[in-house]
Amino acid sequence: MGGNSSEPLIIDGKRIDGRLLDQLREITIKVGILNNANGSAQIHWGGNNILTAVYGPRECFPKRAANPYHAVVRCRYIMAPFSSLEEHGRTRPNRRSIEISKVLKEAFENVILTEKYPNSVVEIFIEVLEGNGSTRCAGLTAASLALAAAGIPMKDIPFAISFGKIDGEIVLDLKKEEDNYGDADVAMAIKPLTNEIILLQMDGKLTREEILKGFEMAFDSAKIITKKQRDALMSLYENEEIED
Amino acid sequence: MIIEEVKKDTVIDFLKEKKRIDGRSFDEYRPITVEKNVISTAEGSARVRLGKTQVLVGVKVDLGVPFKDRQDEGILSVSAEFLPLASPTFEPGPPSEDSIELARVVDRGIRSSEGIDLKSLYIEEEKVWGIYVDIYILDHDGNLIDAAALASVAALDGLKIPKYIDGEVIRETSTILNFNPKPASFTYSKIGKDIIADASYVEEIARDARLTIAVTDQHVVALQKSGSGSFTKDEVMNLIDNSFKKRMDLLSYI
C-alpha cells in the first residue's frame, strides 16, 4: 500500500483484471484434500492458492499452555518462500505473519465452542502457496471449512473479505497490485448468521463515509462467498455411503 | 488464575450497574501526563503516564539504505519491548505476538497519517535517514496501545534530524522534523454488551474484544480488532465518530 504506480488501476469503471468495483474474483474451494489432517481445505481465490488444515481437538502440549476451562486455539498463517512473484521469501514467520496469525486465531476463538474441550488444543494451519492479495481473507474463508470438516463444533462458519480504495474509488476484494498501489485496504471477517465482525484490520486512509460504503459491499458479498463455502463442504459428503 | 477470575467477575458485576470498577464513566480516560525529551542520547523521546501505565519511547535517527522499491524515501521503523520489569506476565525472550502487534498498529497509524513526509528524509542516492522508534513498556496497567501511540507521536514531535556533511553524520546541529497531521489512537474494550474506553489491566482481563481506531482530522488511518469477541457494524461506526470527536483532546497533552 501507498506505493506509486504510474498506471491507472481503474479505466472506464473497470479494474485491471476487468472486474467491476464491487465484483469478486473467481473462487473455488475443495474440502478434504489431505489425508492426515482431521480437516482440510484448499482455496483458489483469484491468483491466491492457499492450503489449510486443522488438527484437533488433541492433547495440548506443552502442558502449561493448556487451559482447564476451554480448548486452546492456535493458528499459523505463513507465506511460502515461492509464493510471491518478487524475490524469494523467508520460510520462517516474520512480524507480519505473526500479527496475522494472532488476529486469525482470535477470530476462530469466537466461533469454536472451545468450552467443550478443556485441556486440549485445536491447531489451524494456513499455508499460502501462491499469493495475490487478500491472502488472510482467503485463508480464513478456507480454514473455516477445514474446521467444519474436522468436526469441530462451531457457532457459525465465518468468511472474510477485503475492500479498499484505489484511484479514489472504494472497491471489493483487492488483488495484489490494488493492495500495493492503492490508498487503503481493510480486511474483515464476518459471521454470516449474526453479521458480527470478528476480524477487522485497516491500513491506509479512509473517511468515515468510505468505510461505511466498504462495509456495505463486504456484507453484500456474503451471499456469494457463503454459498461457495456451503457447496464445497457439502461436496465432501456427496459420494459418501451412509452406513447404518 | 483464580484471582483473575474473581477480578473479572467484579468488573462484570460493576458493569451490570453501568459503573466501572474505578468510578470512571464508560468513555473516560485515566489521567494522562506526557514528558518530552527525557532521554538525552536520543533524537526524540517521551514518557507517557496513562493512569498507572507507563511507556517510554526513544527515537534514534541513523543513516540507512532505502528499500529497493522506495529509493527516494527514508525509513520509518517501530518496535516494541515488553520489558520483564513492567509486569509479572511479561517474560524475557523474543518479541511476543502482543508486542509485535502493538508495534505494527502504532506504525500503521503514524505511517498512514502521512504526517511524516518520508521523501523529506532522502539524502542522496542509496542514502536516506532512518527513523527508529523504540517503545519501552515500563509499567503495565492496561491500554498499552494508546499509551505507546501517544508516546511515539510525542517523541516524533520535534524530532531532531542530524546533518550529513562530507560523508559524516553531524548530530550537534540538526533540523526539526515536520510532523502534521498527527494521528490519535483510541482503544475500546467490549465486555459483554458494554463498550468502554481506556481499559485498565483488570478490565482487560474481563474483556471479550478490543478495537483500536487511529484518526487524523479527516481520516481513519488504522483499525485493528483483537480478542475473541465481536463488534457490529454500527458499533464500529459509533466508535469511529467518537474517536474523531476526542482527537484534539488527546493530542493536547503533547
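Computed from the coordinates by the stated procedures, all read-outs in this text should not be read as laboratory data. These figures come from a predicted structure and were not determined experimentally. When we count neighbours, we look across all protein chains shown, and the Cβ atoms used for this are built from the backbone with ideal geometry, even at glycine.
Descriptive notes on the structure:
- For segment B:178-217, applying the loop criterion from DSSP together with a ceiling of 13 other beta carbons within 10 Å to the trypsin sites (Lys or Arg not before Pro) yields B:K193.
- For segment B:129-153 versus segment B:189-254, the inter-centroid distance based on Cα atoms is 17 Å.
- Least to most buried among A:K116, A:K105, B:K7 (fewest other Cβ within 10 Å first): A:K116, B:K7, A:K105
- For chain A: rounded, prolate or oblate by the Cα gyration tensor [a/c cutoff 1.5]: prolate
- Which of A:T52, A:T135, B:T89 has the fewest Cβ neighbours within 10 Å, and the rest in rising order: B:T89, A:T135, A:T52
- Seen through its C-alpha gyration tensor, with square-root eigenvalues sorted a ≥ b ≥ c, the protein assembly as shown comes out oblate because a/c lies at 1.5 or above while a/b is not bigger than b/c.
- Between A:S84, A:A71, A:V111, the Cα set farthest toward the positive side of the dipole of chain A (charges on each charged residue's Cβ, about the Cα centre) is that of A:A71.
- Nearest 10 degrees, 0 to 90: helix A:222-238 Cα axis against chain A principal axis: 40
- For chain A, built as a Gaussian network whose Cα springs stay under 10 Å, the top-fluctuating residue of A:P62, A:P118, A:P192: A:P62
- Cα shape, chain B, gyration tensor, a/c 1.5 rule: prolate
- Of A:I190, A:I98, A:I124, the one that fluctuates the most in a GNM where chain A has Cα springs shorter than 10 Å: A:I98
- Value of [θ]222 nm, deg cm²/dmol, for chain A, DSSP H segments ≥ 4, -39500 (n - 2.57) each, nearest 500: -9000 deg cm²/dmol
- The angle between the Cα long axis of helix B:97-113 and the main principal axis of chain B comes to about 60°, on a 0 to 90 degree scale.
- Counting only alpha carbon atoms, the long axis of helix B:144-156 and the longest principal axis of chain B meet at about 20°.
- Other protein chain Cβ atoms within 10 Å, averaged over every residue that makes up A:202-213: 6
- Here the calculated FRET efficiency for A:L113 and A:R230, from their Cβ-Cβ distance with R0 = 30 Å, stands at 0.90, rounded to the nearest 0.05.
- Most fluctuating residue given options A:E86, A:E59, A:E99, as computed from a GNM of chain A linking Cα atoms under 10 Å: A:E86
- Counting only other chain Cβ atoms within 10 Å of each residue's Cβ, the peptide A:182-195 averages 2.
- Within-11-Å neighbourhood charge of B:L118 [Cβ basis; K, R +1; D, E -1]: -1
- Peptides ranked, highest mean first, by Cβ atoms within 10 Å: ranges B:55-66, A:196-207: A:196-207, B:55-66
- Label-to-label distance, nm, for residues given as A:A65 and B:E17 (7 Å Cα→Cβ offset): 4.2
- 222 nm mean residue ellipticity, helices alone, for chain B (DSSP H n ≥ 4; -39,500 (n - 2.57); rounded to 500): -9000 deg cm²/dmol
- Averaged over B:111-119, number of beta-carbon atoms from partner chains that fall within 10 Å: 2
- By the count of other C-beta atoms within 10 Å, a proxy for reagent exposure, B:H219, A:H88, A:H44 are ordered fewest to most as A:H88, A:H44, B:H219.
- Taking every C-alpha pair closer than 8 Å and separated by at least 6 residues, the mean separation divided by the residue count of segment B:156-243 gives a relative contact order of 21 percent.
- Within-10-Å neighbourhood charge of B:K182 [Cβ basis; K, R +1; D, E -1]: -1
- Converting phi to 3J(HN,Hα) with the Karplus coefficients 6.51, -1.76 and 1.60 and the offset θ = phi - 60°, segment B:55-69 yields 10, 10, 10, x, 10, 10, 10, 9, 5, x, 9, x, 5, 4, 8 Hz in sequence order, with x at every glycine or proline.
- Cα centroid separation - segment A:82-139 against segment A:142-221, whole Å: 15
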